[in-house]
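In what follows, a single structure is set out as structure tokens and then discussed.
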Amino acid sequence: MTERIPLLIDTDPGVDDALALLMAFDDPNHDVVALTIAAGNVGLQYTVANALKLCEVAGIDIPVHAGCEGPLLHPTPDASYVHGRDGFGDIGYAPAARAVDQEHAALALIRLSHVHRGRLVLVMLGPLTNLAVALKLDPALPQRIARIVVMGGAVTGQGNTTPSAEFNIGFDPEAAHLVFEAFERIEVADWEAVMAHGFPHKDFERWLKAETPQARFYDAISRRTRAWATERRGERWHSADALAMALALRPDGALEMADRPLAIELQGSLTRGATVVDWQRRGGRPDNARILQRYDQARFEGMIRAALGAG
Ligand code: BDR
Ligand code: CA
């Protein structure tokens, strides 16, 4: 039997983070060694509480480390209009019995990169603040990481929060800049790939009827966001973090990837937080991003169904 691959997930749950986490918990080839929690979709006290609750619902006992309370430099509005005030659809769930780990997320990232040197896969589902702090403390960290997958960006400039910025990058552009400068190659599932990999709400609603604690809980916490999304984007449901997780767990499901230089816009009055991809390689910088273009849709949907226990 081959050894399971250690996975560290940095996340700001968040409704679509929750689906991605259920996919990772369900995967037989990976061990989730810890969750490090970012502020983003909503404030840190909520994202931490949501992560703990989701672990409880899924029956998973792993350390949950709280990270930074906000972006490195500039305060940014959250996404509670999408995910609910508490980030989990305001269903009023009973708080998890378990408590958060005392070690800061950035320190946990560094420690676990030593414990699993050369094997650890990082999956980044929120703003990149915790990892940026870890990189400042330990610039050699990338050398110990096997792969890093980031949900973030809008690679041809079609953002989801401002015209050109995607939420995770736009929330903390300075952190994203530090991260994209530090790693030799980052696998990116951007917002535009997410828009190309939606699946029908009516299928998803069927999967949510599975008689499992995961499906029941997810049905409840996502109801409000699904209603919002239906009104705004029509009959398909788009789960950004789930697509990034599919790429992390089953990279062979990626049918097309493009390697290019990618940089973060920090200044622009219209474009701050944009991920500027040098598609024509005009600037002479090395390719630092491997950008997901197309993922096997049937495989993606199969992983989601399995995570919900919908067979
Ligand atoms: C990303 O922003 C958040 O709202 C989601 O959880 C996802 O990580 C999509 O832009
Ligand atoms: Ca997220």
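Readers should treat all values here as calculations from the given coordinates under stated rules, not as data from a laboratory. Given the structure is predicted, the values throughout are model-derived calculations rather than measurements. Here the Cβ is made from the backbone with ideal geometry for all residues, glycine too, and neighbour counts use every protein chain on show.
Worth a mention:
- Counted residue by residue at 0.36 nm each, then reduced by the alpha carbon distance between them, the extension gain from residue 61 to residue 299 reaches 83.0 nm.
- Compared with the rule-of-thumb size 2.2 N^0.38 Å for a compact globular protein, region 105-168 has a Cα radius of gyration ratio of 1.27.
- Near residue 248, once Lys and Arg are set to +1 and Asp and Glu to -1 for all other residues with Cβ below 15 Å from its Cβ, the sum equals -4.
- When +1 charges are put on Lys and Arg Cβ atoms and -1 charges on Asp and Glu Cβ atoms, the dipole computed for region 264-311 relative to its Cα centre reaches about 100 debye.
- Taking 17 Å as the straight-line reach from the Cα of residue 209, the aspartates and glutamates in range (excluding those fewer than 8 positions away in the same chain) are 219, 301.
- Amide H partners (placed H, <5 Å) of residue 294, local residues excluded: 255, 256
- In the chain, the DSSP-assigned H stretches of four residues or longer account for a calculated mean residue ellipticity at 222 nm of -11500 deg cm²/dmol, using -39500 (n - 2.57) per stretch and the full residue count as denominator.
- Compared with the alpha-carbon gap, the fully stretched path from residue 29 to residue 236 is longer by 71.6 nm at 0.36 nm per residue.
- Calculated on the Cα set of region 10-101, radius of gyration then Dmax: 12.7, 40 Å.
- When peptides 85-98, 141-154 are sorted by average Cβ neighbour count within 10 Å, with the highest value leading, the order is 141-154, 85-98.
- Computed over Cα pairs, the Kirkwood radius of region 64-143 leads via Stokes-Einstein (1.306 mPa s, 10 °C) to a diffusion coefficient of 107 µm² per second.
- Max mean-square fluctuation residue, GNM over the chain, Cα-Cα springs under 10 Å, options 111, 285, 250: 285
- DSSP finds beta bridges in the chain, and of those with both partners inside it, around 30 percent are antiparallel.
- Neighbours of residue 98, meaning other residues whose beta-carbon lies under 11 angstrom from its beta-carbon, give a summed charge of -2 when Lys and Arg score +1 and Asp and Glu score -1.
- Binning the alpha carbon pair distances of region 5-308 at 10 angstrom intervals from zero yields the distribution 7, 31, 39, 20, 3, 0, expressed in whole percent.
- In plain terms, the bigger the Kirkwood radius, the slower the diffusion; for region 227-292, with that radius from Cα pairs, at 10 °C and 1.306 mPa s, Stokes-Einstein puts D at 109 µm²/s.
- If you take the alpha carbon atoms of region 41-185 and fit the smallest convex hull around them, that volume is 120 Å³ per residue.
- With Cα atoms defining each centre, region 33-107 and region 191-246 are spaced 20 Å apart in the structure.
- The chain - charge dipole about Cα centre, Lys and Arg +1 at Cβ, Asp and Glu -1, debye rounded to 20: 320 debye
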